[in-house]
Amino acid sequence: MNVLVISDIHANLDALTAVLNDAQDFDAVWCLGDIIGYGPEPNECIQVVKKLPGLVCVLGNHDTAALGRINTLLFNQEAQQSMTWLKANLTDESIKFLEGIHEKEVLELATLVHGSPFNPVWEYILDPYIAKSNFQHFSTPFCFVGHTHQPIICSLKKDNEQLMWKQPKFGFEYVFEEKTILNPGSVGQPRDYDPRASYGLFNTETKSWKVKRVEYDIATAQDKIIQKKLPTRHAQRLSGGW
Ligand code: ZN
């Protein structure tokens, strides 16, 4: 089975559309949270995501905040501002969809979370030290995470000592023997200074993983942010990939 792995769409429909067109051939979709927040088209993105084949989805911190389960004072000022806009604009149908999503999904091969298996909604796996402490918190061969908006591969050797931590080469196929944490990067707001939308393809038979980047119409996405009077910084960062 070919699985499209996406995360942190952040209401960027232009980026999501480009990813779906580029990925083309997939049997299922694993979505690692933060479908909404920051961007201008939250309901539209939810509409697209909910119709994807074989969808398994987990909640991100922005999704959770939109449901009123997180105090938005924990967000920075601009994220708070967009959260206020989001809560005013989210449809009942979108809320209903988000309410049906869990923080963690444990499948046969993989554990899916937004942040980390230890703290599914909030913890950022930003470095090898945090990654290593998380291997004891999942028992499947793979754990897929998002949240940092940076693609990463992290494997732990069988002796539980040696850790491999690296940025994937885009378009290159990796195959794993060891327990591995994989981050596909962000569809709608990459933060590795590469503004192209990021996503992953995982094959459950060969256990192979590929991260791909695809260009999308950033100017149009930025215009929508400005038109909807969301913080202009959210528009600016899209062209820089930060
Ligand atoms: Zn995010």
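The values are calculated or read from the model by the stated rules, or taken from the named source; none is laboratory data. The structure presented is a predicted model; accordingly, all values stated were derived computationally and were not measured. Positions of Cβ are backbone-derived with ideal geometry, glycine not excepted, and every protein chain shown enters the neighbour counts. Keep in mind that these areas ignore ligands, DNA and RNA; they rest on the heavy atoms of the full protein, side chains included. Shrake-Rupley method; radii C 1.70, N 1.55, O 1.52, S 1.80 Å.
Here are the numbers:
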item	result
Positions within region 219-242 being open to solvent by 30 Å² or more (accessible area, probe 1.4 Å) and of a type outside the set (D, E, K, R), in sequence order	219, 220, 222, 226, 227, 232, 236, 239, 242
Region 57-70, residues that are of a type outside the set (Ser, Thr, Tyr) and either buried (at least 19 other Cβ atoms within 10 Å of the Cβ) or in contact with a Pro (Cβ under 8 Å, 6 or more places away or on another chain) (or both)	57, 58, 59, 60, 61, 62, 63, 65, 66
Matching strands (runs of 3 or more DSSP E) fully within region 116-181 where at least 3 residues are open to solvent by less than 70 Å² (accessible area, probe 1.4 Å) and under 30 Å from residue 215 (Cα atoms)	142-144, 152-156
Filtered residues of region 10-36 (kept if in contact with a helix residue (DSSP H, G or I) (Cβ under 9 Å, 6 or more places away or on another chain) and closer than 18 Å to residue 100 by Cα)	29, 31, 33, 34, 35, 36
All positions within region 1-16 that are more than 16 Å from the ligand (Cβ to nearest atom) and over 10 Å from residue 41 (Cβ atoms)	1, 2, 3, 4
One residue from 110, 131 being more than 16 Å from the ligand (Cβ to nearest atom), among the aliphatic types (A, V, I, L, M) and touching a residue at least 60 places away in the same chain (Cβ under 8 Å)	110
Matching residues in region 182-204 - criterion: being open to solvent by 10 Å² or more (accessible area, probe 1.4 Å) and assigned to a strand (DSSP E or B)	201, 203
Failed item in (1) within 15 Å of the ligand (Cβ to nearest atom); (2) touching a helix residue (DSSP H, G or I) at 6+ places or on another chain (Cβ under 9 Å); (3) of a type outside the set (Asp, Glu), with residue 195 passing the rest	(1)
Filtered residues of region 218-242 (kept if at positive phi and either free of Cβ contacts under 8 Å to residues at least 12 places away in the same chain or more than 21 Å from the chain's Cα centre (by Cα) (or both))	229
Meets criteria (within 20 Å of residue 56 (Cβ to Cβ) and at pLDDT 95 or above) for residue 90	no
